[in-house]
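Participant: The structure is given below, and queries will be raised subsequently.
The values are calculated or read from the model by the stated rules, or taken from the named source; none is laboratory data. This one's a predicted model, so the numbers in the text were calculated from it and none came from an experiment. Every residue, glycine as well, gets a Cβ built from its backbone with ideal geometry; the counts of neighbours run over all protein chains shown. With ligands, DNA and RNA removed, areas are computed over all heavy atoms of the protein, side chains included. Shrake-Rupley method; radii C 1.70, N 1.55, O 1.52, S 1.80 Å.
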Amino acid sequence: MISFDAKRICLRAVDHYGVEHQYWKAVEELGELIVEIARRQDRRTTQEKLREELADVMVMCEQLRIICGAKETDSWIDRKLGRLRSMMRLPKRRAEDGD
């Protein structure tokens with residue numbers, strides 16, 4: 001997950017560059033990751049390049065989380081993870097387990 005300091009940097013980036021710019025930057029970074037994933041299929045990339053593009057996307061996703069509302073986005077993440085857990089038939093964790 002992203003550290004508190006990274007979250008602060010992402011918030012500053014949104015303020016510095018602006019929301020619209022960061023939406024388009026996210027599109028760019030997502031596209032670069034898609035290309036590297038596709039290249040992986042025929043071995044035209046490296047794990048290191050995939051990691052680099054994934055890191056770019058994760059930083060941009062944190063900025064989008066800020067733009068779209070962190071609490072509301074986190075609520076959606078919880079729902080999606082709950083659905084995934086259910087689809088894989090994993091047991092629900094008790095609240096005291098940190099879930």
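Participant: Considering only residues that are surrounded by 11 or more Cβ atoms within 10 Å (Cβ to Cβ) and of a type in the set (Ser, Thr, Tyr), which ones fall in segment 1-53?
Facilitator: Listed by number, the residues that qualify are 17, 23, 45, 46.
Participant: So, one more: With respect to the numbered conditions (1) under 21 Å from residue 5 (Cβ atoms); (2) open to solvent by 80 Å² or more (accessible area, probe 1.4 Å), which one is the sole condition not fulfilled by residue 65?
Facilitator: Against the list (1) under 21 Å from residue 5 (Cβ atoms); (2) open to solvent by 80 Å² or more (accessible area, probe 1.4 Å), residue 65 comes up short only on (2).
Participant: Any residue at all in segment 41-60 that is part of a helix (DSSP H, G or I) and touching a Ser or Thr at 6+ places or on another chain (Cβ under 7 Å)?
Facilitator: Checked against the condition, which is being part of a helix (DSSP H, G or I) and touching a Ser or Thr at 6+ places or on another chain (Cβ under 7 Å), segment 41-60 yields no hits at all.
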